[in-house]
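Following: one structure in structure tokens, then a few remarks.
The values are calculated or read from the model by the stated rules, or taken from the named source; none is laboratory data. In this text, all values refer to a predicted model and were calculated from it rather than measured experimentally. Glycine also receives a Cβ, built like all others from the backbone with ideal geometry; neighbour counts cover every protein chain displayed.
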Amino acid sequence: MAEGISEAAFEEEARAFLEANAEPRVEVTSLVWGEGSDEVAVLPEKSPEEEFSELEAGRAWMQTRFDAGFGWISGPEAYGGRGLGRSFQRLYNELESGFETAPQSAFGIGLGMVAPTIAAHGTDEVKEAYLRKMYRGDIVGCQLFSEPEAGSDLASLQTRAVQDGDEWIVTGQKVWTSGAHLSDIGEVMCRTDPDLPKHKGLTGFVVDMKAPGVEVRPLRQMTGGASFNEVFFTEVRIPDSHRLGDVNGGWTVALTTLMNERAAIGGGMGGGGGGLGTQRLIELVRHQGLGKDPLVRQQLADIIINGRVAAYTNLRAMAKVAAGQLPGPEMSLGKLTLTANMLRTSALLSTVLGPKLVADSGEWGTYAWSQAILGVPGMRIAGGTDEILHNIIGERVLGLPKEPQPPVPVAAAR
């Protein structure tokens with residue numbers, strides 16, 4: 001392995017790999033109206049065939065990258081990593097961003113949320129079984145937390161896990177599970193002791209998504225796509241070796257996942273316009289003849305400035321992770337800033353396009369934005385609702401008093 005390698009030597013090695021296996025990305029300094037892709041959706045509609053094709057293309061690239069030593073650069077060698085510092089991973093990521101590679105969005109939740117949780121809380125058997133395969137792209141992972149009656153209030157979940165010898169029998173329902181229909185394994189949070197306070201009776205597990213008793217049903221979004229699913233568990237058996245952390249210690253496991261989730265969502269998109277691209281917004285404003293309108297210019301400036309500030313804030317949070325610490329409550333800032341800027345983007349698009357936003361006239365760069373706007377409400381829920389994140393920031397970052405509980409009705413008090 002590359003123990004003791006310098007960053008300069010690593011950069012030379014990584015660049016040689018990328019040049020041999022991918023095409024350089026053409027830098028776009030300006031957009032020509034009417035040319036290129038008209039796809040700007042946040043949660044785009046895709047057919048099952050398109051999803052499968054994208055999944056396989058991403059898997060092929062991840063396998064090539066992993067086998068060359070660039071799949072998990074900062075991970076431990078015992079599980080397929082290269083054992084280098086996070087600065088090497090950041091260096092490689094920056095280099096790869098300059099090349100055209102297959103999309104890997106199907107693997108984002110597994111690598112951004114589930115794998116770090118397995119690394120922190122999994123047994124040696126689970127780490128050996130899944131970490132290498134996840135980073136190589138051999139398997140896809142999903143997160144199974146939310147339920148119909150336990151979304152933002154995760155601790156109220158009711159999916160039950162009952163121990164039966166060396167196994168646990170899981171029964172219940174999860175909802176809003178991104179990518180469950182593509183996943184091989186999932187991180188599922190269950191109630192294992194209903195008599196304990198709700199935060200203390202939870203336990204996490206790694207579940208085989210192909211096991212008997214697991215049923216995945218798609219949830220159709222108003223964008224037309226089906227990125228989310230509801231998942232039903234009917235007496236699904238999970239070996240005790242696939243437990244994450246201690247019995248009834250699942251809240252700590254869940255926090256690890258949630259903080260990594262907010263880091264992945266908020267940090268991965270830079271806190272900007274939701275991956276929609278400010279250059280494209282600028283060209284849209286110009287094309288619609290509003291480049292000198294002071295109110296539109298102010299809206300556009302707000303999006304750009306808030307995106308830039310969020311990116312710097314995320315870099316500060318990532319420095320904490322680079323120092324070997326878990327993402328903290330400040331990562332809620334990145335997620336909240338992302339959705340706030342997406343709302344600003346929606347307002348700008350409504351101002352600039354007017355009826356063209358909702359009337360499909362066939363004109364390039366107009367009605368296509370409607371799918372982006374329809375995806376924003378889903379992003380305001382994913383990774384914690386805006387309201388929950390405001391509470392986390394207020395209480396755990398700013399040190400404000402907890403939100404007061406509603407008064408107990410007089411009849412109930414008696």
Residues located in the stretch 363-396, provided they are within 23 Å of T278 (Cα to Cα) and in a loop (DSSP other than H, G, I, E, B): E363, W364, G365, T366, Y367, A368, A382
Given (1) surrounded by fewer than 22 Cβ atoms within 10 Å (Cβ to Cβ); (2) under 19 Å from the mean Cα position of the chain (by Cα); (3) not hydroxyl-bearing (S, T, Y), number of the condition A115 does not satisfy: (1)
Please pick out the residue among G245, G224 that is modelled with pLDDT of 95 or more and either among the acidic types (D, E) or at positive phi (or both). G245
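To keep it simple, each residue is scored yes or no on (1) hydrophobic (A, V, I, L, M, F, W, C); (2) surrounded by fewer than 22 Cβ atoms within 10 Å (Cβ to Cβ); (3) part of a strand (DSSP E or B).
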residue: D195; (1), (2), (3): no, yes, no
residue: T203; (1), (2), (3): no, no, yes
residue: K210; (1), (2), (3): no, yes, no
residue: R217; (1), (2), (3): no, yes, yes
residue: M222; (1), (2), (3): yes, yes, no
Among I139, I169, which is assigned to a loop (DSSP other than H, G, I, E, B), farther than 19 Å from A254 by Cβ and at pLDDT 95 or above? I139
Taking first residues from the stretch 29-50 that are closer than 14 Å to L284 by Cα and second residues anywhere that are modelled with pLDDT under 70, the pairs with Cβ under 8 Å that are 6 or more apart or on different chains are V40/L276
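Let's see how each residue does on (1) under 24 Å from the mean Cα position of the chain (by Cα); (2) crowded, with 16+ Cβ neighbours inside 10 Å; (3) at pLDDT 95 or above:
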position: A9; (1), (2), (3): no, no, yes
position: E12; (1), (2), (3): no, no, yes
position: F17; (1), (2), (3): no, yes, yes
position: N21; (1), (2), (3): no, no, yes
position: E39; (1), (2), (3): yes, no, no
position: L43; (1), (2), (3): yes, yes, no
position: P48; (1), (2), (3): yes, no, no
Can A150 be described as assigned by TED's automatic domain parsing to the domain that holds F233 and either of a type in the set (K, R) or touching a Ser or Thr at 6+ places or on another chain (Cβ under 9 Å) (or both)? yes
So in the stretch 352-406, with the set limited to residues that are in the same structural domain as G289 (by TED's automatic domain parsing) and polar (S, T, N, Q), which one is modelled with the lowest pLDDT? T385
Conditions: (1) buried (at least 19 other Cβ atoms within 10 Å of the Cβ); (2) closer than 27 Å to K46 by Cα. E100 meets all but one. Number of the miss? (1)
Restricting the stretch 172-193 to residues that are of a type in the set (D, E) and outside any strand (DSSP E or B), the residue that is surrounded by the fewest Cβ atoms within 10 Å (Cβ to Cβ): D193
Selection from the stretch 174-192 of residues that are farther than 25 Å from E125 by Cα and over 21 Å from the mean Cα position of the chain (by Cα): none
Residue check for Q89: more than 20 Å from V253 (Cβ to Cβ), out of contact with any Lys or Arg (no Cβ under 6 Å at 6 or more places or on another chain), of a type in the set (S, T, N, Q) and part of a helix (DSSP H, G or I): yes
In this structure, does L349 turn out to be part of a helix (DSSP H, G or I), aliphatic (A, V, I, L, M) and at pLDDT 90 or above? yes
Test for R316: is it at pLDDT below 90 and surrounded by fewer than 14 Cβ atoms within 10 Å (Cβ to Cβ): yes
